[in-house]
Amino acid sequence: MDFDTDIAIVGGGLNGPTLALALAQIGLRVALIDRLLAATREDAAFDGRSYALALTSTRMLGALGIWEGVKPHAQPMLEIKVTDGRAGEGPSPFFMHFDHAEIEEGPMGHMVEDRHLRRALAEAVSAEARITRLDGETVIAQDAAPAGVTLTFEGGKTLRTRLVVGADGRASGTATRAGIKRIGWDYAQTALVCAIAHEKPHHGVAHQFFMPPGPLAILPLTENRSSIVWSETAANAAHIHALPDEGYLDVLRPRFGDFLGEISLAGARYTYPLSLSLAHSMVAPRVALLGDAAHGVHPIAGQGLNAGMRDVAALAEVIADAQRRGQDVGSTTVLEQYQLWRRFDNTALALATDSFNRLFSNDNPLLRLARDVGMAAINALPDARRGFMREAAGLTGTLPRLMQGKTL
């Protein structure tokens, strides 16, 4: 079988381009297929999200030559404060407080706006000769044969490749075409997302305030700004989002509090429905899934993108090692190594975020007492605090080389 490219990646968000850059660095030809046009992806107003990039994710971006361009726009997270309570009543006296000074590696992570990270990846991809961007293209069929895969696009064009990687989100067409089924459920919650400007400095402190309808995350951005990820019941969120800006802020203020002084909107507002979505398998013949295509989780711990980045690092390493051994990089043997590495961690993350959301997104007095006592106990134990911080920084488990800041 003659191949047009070594590996085809379907999905042009964040994980797809990151994997493309990693594979190009080991000499593979990569086709990056995106249903959106490049101008849409690179538009500064395309997406209002910001990401809590774990320390190991920033290490990987550094190893790929991306981080130096992103770092000036990134805000280190120096502390994390986790509290429980109700809107307008203030937080419970029981809390968890994590300070980056308690671990040796430095800040647990950095907050980065989507627009800066996306643009840096797009520029790096455009500069890499081994990556072919296929923008505005939609795959409608994939035919996996023993030696490779043929992809068919709308309009009839085809592309032959050794391996197809699905980085195309929770509604992954790659997974569907490969016959991979999913399990999951809707949380009946919606995330209200925006950036807030505030009067007082945040000092690099991230806050997670658990309320009965859902958590409110206040995450530090550069300057006197913070990213808000505010979970409400779907009905409440629809009503709040429909309000004019000042009405929106009037609802937010009792939840936000006054510890940062006066607040105002610093950009557009967005909503994202929340659900759990877990693929039954991360691989199929000549197909691998990563990121949300494999596991879409609740944003309660801010680990969705970091889990996808770990998938990228693990898959790139497995492929690099197979290439050095002269193996077929799309073979079942190679893909099963990737699944063995990542499947358990991703399932555990999905279950943990689901359990945390169920535990905290309610007003049951017994559960409130149990979680407050639990937070106070963890906060009183230095080893437990350090364990949580190392987990948040991505420093636990078997780290792929890229997440250690090494090359493949």
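If residue 175 satisfies every condition in (1) open to solvent by less than 20 Å² (accessible area, probe 1.4 Å); (2) within 15 Å of residue 277 (Cα to Cα); (3) part of a strand (DSSP E or B); (4) not aromatic (Phe, Trp, Tyr) but one, which is the exception?
(3)
Just checking, how many residues over segment 281-305 are in a helix (DSSP H, G or I) and either of a type in the set (Gly, Ala, Ser) or more than 19 Å from residue 168 (Cβ to Cβ) (or both)?
Within segment 281-305, the subset in a helix (DSSP H, G or I) is 291-293, 299-301, 304-305.
Going one step further and asking which of them are either of a type in the set (Gly, Ala, Ser) or more than 19 Å from residue 168 (Cβ to Cβ) (or both), we end up with 291, 293, 299-301, 304.
Total meeting the criteria: 6.
Yes or no: segment 136-146 includes at least one residue that is closer than 26 Å to residue 21 by Cβ and under 20 Å from the mean Cα position of the chain (by Cα).
Scanning segment 136-146, I find no residue that is closer than 26 Å to residue 21 by Cβ and under 20 Å from the mean Cα position of the chain (by Cα), so the answer is no.
Grab the helices (runs of 4 or more DSSP H) fully contained in segment 306-408, keeping just those with 3 or more residues being modelled with pLDDT of 95 or more and either closer than 30 Å to residue 147 by Cα or in contact with a His (Cβ under 7 Å, 6 or more places away or on another chain) (or both).
Ranges flagged: 332-360.
Assess whether residue 81 counts as being surrounded by fewer than 21 Cβ atoms within 10 Å (Cβ to Cβ) and either farther than 27 Å from residue 290 by Cβ or not charged (D, E, K, R) (or both).
In short, yes.
Could you please tell me which pairs satisfy a Cβ distance under 8 Å, a separation of 6+ or placement on different chains, a first residue in segment 59-70 that is free of Cβ contacts under 8 Å to residues at least 60 places away in the same chain and surrounded by fewer than 23 Cβ atoms within 10 Å (Cβ to Cβ), and a second residue that is part of a helix (DSSP H, G or I) and acidic (Asp, Glu)?
Between residues of segment 59-70 that are free of Cβ contacts under 8 Å to residues at least 60 places away in the same chain and surrounded by fewer than 23 Cβ atoms within 10 Å (Cβ to Cβ) and residues that are part of a helix (DSSP H, G or I) and acidic (Asp, Glu), the close pairs are 69/123.
Filter segment 102-121 for residues that are of a type in the set (Gly, Ala, Ser) and in contact with a helix residue (DSSP H, G or I) (Cβ under 6 Å, 6 or more places away or on another chain); which is nearest to residue 206 (Cα to Cα)?
Here the residue is 109.
To keep it simple, each residue is scored yes or no on (1) modelled with pLDDT under 95; (2) part of a loop (DSSP other than H, G, I, E, B); (3) not charged (D, E, K, R).
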site: 200; (1), (2), (3): no, yes, no
site: 217; (1), (2), (3): yes, no, yes
site: 238; (1), (2), (3): no, no, yes
site: 254; (1), (2), (3): yes, no, yes
site: 267; (1), (2), (3): yes, yes, yes
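Determine if segment 154-161 includes at least one residue that is out of contact with any Asp or Glu (no Cβ under 8 Å at 6 or more places or on another chain), over 16 Å from residue 67 (Cβ atoms) and of a type in the set (A, V, I, L, M).
No - not one qualifying residue is present in segment 154-161.
Only one of these conditions is not met by residue 86: (1) under 25 Å from residue 13 (Cβ atoms); (2) of a type outside the set (A, V, I, L, M); (3) surrounded by fewer than 19 Cβ atoms within 10 Å (Cβ to Cβ); (4) in contact (Cβ under 8 Å) with a residue 24 or more places away in the chain. Which number is it?
Looking at each condition in turn, residue 86 falls short on (1).
Can you tell me which of (1) within 25 Å of residue 78 (Cα to Cα); (2) open to solvent by 50 Å² or more (accessible area, probe 1.4 Å) is the one residue 133 doesn't meet?
Just one mismatch for residue 133, condition (1).
Of the residues that sit in segment 1-58 and are within 25 Å of residue 195 (Cβ to Cβ) and of a type in the set (Ser, Thr, Tyr), which one is nearest to the chain's Cα centre (by Cα)?
That would be 51.
If only one of 8, 52, 20, 24 is touching a residue at least 12 places away in the same chain (Cβ under 8 Å), open to solvent by less than 40 Å² (accessible area, probe 1.4 Å), within 29 Å of residue 205 (Cβ to Cβ) and not β-branched (Val, Ile, Thr), which one is it?
Just a single option satisfies the conditions, and that option is 52.
Provide a single number: the residues in segment 245-265 that are touching a residue at least 60 places away in the same chain (Cβ under 8 Å) and either under 27 Å from the mean Cα position of the chain (by Cα) or open to solvent by less than 70 Å² (accessible area, probe 1.4 Å) (or both).
9
Quick one: count up the residues across segment 219-236 that are more than 18 Å from residue 48 (Cβ to Cβ) and assigned to a strand (DSSP E or B).
1
Could you look through segment 184-203, keep only residues that are touching a Ser or Thr at 6+ places or on another chain (Cβ under 8 Å) and open to solvent by 70 Å² or more (accessible area, probe 1.4 Å), and pick out the one that is nearest to residue 289 (Cα to Cα)?
Only one residue fits best here, namely 185.
Looking at 399, 340, which is the one that is aliphatic (A, V, I, L, M), in contact with a Ser or Thr (Cβ under 7 Å, 6 or more places away or on another chain) and open to solvent by 20 Å² or more (accessible area, probe 1.4 Å)?
Working: 340 fails: in contact with a Ser or Thr (Cβ under 7 Å, 6 or more places away or on another chain).
Every option except 399 fails the conditions.
Return the residues of segment 287-328 that are over 21 Å from the mean Cα position of the chain (by Cα), open to solvent by 10 Å² or more (accessible area, probe 1.4 Å) and touching a residue at least 40 places away in the same chain (Cβ under 8 Å); say none if nothing qualifies.
323, 328
Need the failing condition index for residue 122 against (1) open to solvent by less than 40 Å² (accessible area, probe 1.4 Å); (2) of a type in the set (Gly, Ala, Ser); (3) at pLDDT below 95; (4) farther than 24 Å from residue 25 by Cβ, just the number.
So residue 122 meets the others, but not (4).
The values are calculated or read from the model by the stated rules, or taken from the named source; none is laboratory data. Because the structure is predicted, anything quoted here is derived from the model rather than measured. Using ideal geometry, Cβ is built from the backbone for each residue, glycine included, and neighbour counts are taken over all protein chains shown. Protein only, heavy atoms only, side chains kept; ligands, DNA and RNA dropped before computing areas. Shrake-Rupley method; radii C 1.70, N 1.55, O 1.52, S 1.80 Å.
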